[in-house]
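Trainee: Structure incoming, see below.
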Amino acid sequence: MSGTFVGMPAFPEAAHEAVNNQTLRGNLRHATHTIRGKREKAVAEVSDWAELREAGKRIKDHTLRHLDRYLVQLEESVTAAGGIVHWAADADEANRIVTRLVKETGESEVVKVKSMATQEIGLNEALEEEGIRAYETDLAELIVQLGKDRPSHILVPAIHRNRAEIRDIFEREMSEWGRPAPDGLTDTPAELAEAARLHLREKFLRAKVGVSGANFMIAETGTLVVVESEGNGRMCLTLPETLISVVGIEKILPTWQDLEVFLQTLPRSSTAERMNPYTSMWTGTSDEDGPRAFHLVLIDNGRTDTLADEVGRQALRCIRCSACLNVCPVYERAGGHAYGSVYPGPIGAILSPQLRGTQSEIDASLPYASSLCGACYEVCPVAIDIPEVLVHLRERIVEGGPVVREGNKVVLKPAKGHAAERAAMRAARWAFARPGALRTGQRLASRTRRLHPRKLPGPGKAWSGTRDLPPLPAEPFRDWWQRTNGGRDGAK
């Protein structure tokens, strides 16, 4: 995976700055609560939601177990339909492939459908270095691009901006990228949308190359699927003469029937709609309609390494709905930029450290960007147990151990700064493995409870600075159990 956002500090430092930004917190609170409430109503309409969720989980798990077979089938299906498949092991290779394909057309600009995969590999920047300008056409992505900003949400990349800020960005920057903003532009949603529509329409009509990602790929037919709400995606997918789709290898589904499940769960979990306003599907090329050339770039970029982790691989089920972000108390207060990745929120806290590794300071901090409340797991439409993976990654960071990186088995060293945590966990393991020592320790702690401090000293100070230490009981549970005969004697 490409590097973290340049200049971004570790999550604790970035979050500390974000929580003091009242405008940011207000924007996030309003947006996430609104989306969350609408999602709850949309999901409540479906009587078999739990069954759909389980079906999505099983389809994804089955596909990941047999990913090699389905990827070969996909390549055969796409090729038979007139498309060309390219394989990219990492971000650099994917960028080289796309850049070469664009240059072969003789064009110097492309229009893009909103794509997390292209953001992950830094495609826009790679194209710019080669003199090719990429125009984002999703409204939120356009706002981010014009504002020289970074996305902060999976579904709504400009969620951290309010309407007044967007108007100012349009007035200041649109003329540098094409058609300027209309005179007297206000911050009403209709006027902002119309300004974006007029700005983008000329780009759609002249573009010869389109770049997209895909929400799903169907192995049995070679069909790619993009779901969106604005229609800009369909313009990019149908008008250009050449279409290049950059997709992670985990986005594959075996059959058309499997797609049925996700076309019910994805829109309700993301935009709180019963179905997406625009669901575009294409299979190869056609002489009568659409692009004359279609290229599919399949990227690994750390995905097979993640697949090798029996606990962490469930992150690859993700369908990028962003439901976990909208219920996360940490994301709501810290925002997406603090995660230093195009994948923010709870899913980013487990996906980024696996795709990129945990060697950098920011990736080593991401598994700790959670209260482990479990709200993310409850809303996930494919039942990713994010808290389980967070704890798993914390153990990896603190203890080190064997992992797979770039297809090779390596042994990570314990991360620096966790010596006290390692010592505490090892002491607990030693005590729990020795009932006599545990009993003695419990009795000693109970009898000296009045001497215990209310705040922890040393490394524990940061933890207890915002939490009350739980009071110790007058006697250990084991002693109470023996004294009262398991509570049957009625004694307190």
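Trainee: Assess whether ARG488 counts as being open to solvent by 80 Å² or more (accessible area, probe 1.4 Å), part of a loop (DSSP other than H, G, I, E, B), over 30 Å from GLU310 (Cα atoms) and modelled with pLDDT under 90.
Mentor: Answer is yes for this residue.
Trainee: A follow-up question, please. From the list THR79, THR34, THR23, THR63, which one is exposed (fewer than 15 other Cβ atoms within 10 Å of the Cβ), among the polar types (S, T, N, Q), touching a strand residue (DSSP E or B) at 6+ places or on another chain (Cβ under 9 Å) and assigned to a helix (DSSP H, G or I)?
Mentor: THR79 is the lone residue from the list that is exposed (fewer than 15 other Cβ atoms within 10 Å of the Cβ), among the polar types (S, T, N, Q), touching a strand residue (DSSP E or B) at 6+ places or on another chain (Cβ under 9 Å) and assigned to a helix (DSSP H, G or I).
Trainee: Return the residue satisfying two criteria in turn: it lies in region 359-391 and is outside any helix (DSSP H, G or I) and open to solvent by less than 20 Å² (accessible area, probe 1.4 Å), and of such residues it is farthest from CYS321 (Cα to Cα).
Mentor: This residue is ALA369.
Trainee: Could you identify the single residue in ALA158, ALA134, ALA126 that is over 23 Å from THR223 (Cα atoms) and assigned to a loop (DSSP other than H, G, I, E, B)? Even if it seems obvious, please write down each step before you answer.
Mentor: Working: ALA134 fails: assigned to a loop (DSSP other than H, G, I, E, B); ALA126 fails: assigned to a loop (DSSP other than H, G, I, E, B).
ALA158 is the lone residue from the list that is over 23 Å from THR223 (Cα atoms) and assigned to a loop (DSSP other than H, G, I, E, B).
Trainee: Identify, by number, the condition in (1) at pLDDT below 95; (2) among the charged types (D, E, K, R); (3) over 27 Å from ALA349 (Cα atoms) that ARG150 doesn't meet.
Mentor: Result: ARG150 passes all but (3).
This table checks each residue for (1) modelled with pLDDT under 95; (2) out of contact with any Gly (no Cβ under 9 Å at 6 or more places or on another chain).
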residue	(1), (2)
THR242	no, no
SER245	no, no
SER269	no, yes
ARG274	yes, yes
THR279	no, yes
GLY290	yes, yes
THR306	no, no
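Trainee: If ASP305 satisfies every condition in (1) touching a strand residue (DSSP E or B) at 6+ places or on another chain (Cβ under 7 Å); (2) open to solvent by 20 Å² or more (accessible area, probe 1.4 Å) but one, which is the exception?
Mentor: (2)
Trainee: Go through ARG163, ARG172, ARG206 for me and flag whichever is at pLDDT below 95, open to solvent by 60 Å² or more (accessible area, probe 1.4 Å) and more than 30 Å from VAL247 (Cα to Cα).
Mentor: Being at pLDDT below 95, open to solvent by 60 Å² or more (accessible area, probe 1.4 Å) and more than 30 Å from VAL247 (Cα to Cα) holds for just one of ARG163, ARG172, ARG206, which is ARG163.
Trainee: Give region 435-474 a look and list any residue that's among the polar types (S, T, N, Q) and assigned to a loop (DSSP other than H, G, I, E, B), or say none.
Mentor: Residues satisfying the conditions are THR448, THR466.
Trainee: I've got another one for you. What about LYS103, is it more than 25 Å from the chain's Cα centre (by Cα) and either surrounded by fewer than 21 Cβ atoms within 10 Å (Cβ to Cβ) or farther than 16 Å from ASN232 by Cβ (or both)?
Mentor: For LYS103, the condition - more than 25 Å from the chain's Cα centre (by Cα) and either surrounded by fewer than 21 Cβ atoms within 10 Å (Cβ to Cβ) or farther than 16 Å from ASN232 by Cβ (or both) - is met.
Trainee: Quick check on region 253-285: of everything there that is assigned to a loop (DSSP other than H, G, I, E, B) and touching a residue at least 60 places away in the same chain (Cβ under 8 Å), which residue is nearest to HIS86 (Cα to Cα)?
Mentor: The selected residue is GLY284.
Trainee: Among the candidates THR238, THR242, THR223, which residue alone is open to solvent by less than 10 Å² (accessible area, probe 1.4 Å), of a type in the set (Val, Ile, Thr) and on the phi < 0 side of the Ramachandran plot?
Mentor: That would be THR223, the only listed residue that is open to solvent by less than 10 Å² (accessible area, probe 1.4 Å), of a type in the set (Val, Ile, Thr) and on the phi < 0 side of the Ramachandran plot.
The values are calculated or read from the model by the stated rules, or taken from the named source; none is laboratory data. Since we're looking at a predicted model, the values are computed, not measured. We place every Cβ from the backbone using ideal geometry, glycine too, and count neighbours over all the protein chains shown. Note: accessible area is taken over every heavy atom of the protein model, side chains too, but ligands, DNA and RNA are not part of it. Shrake-Rupley method; radii C 1.70, N 1.55, O 1.52, S 1.80 Å.
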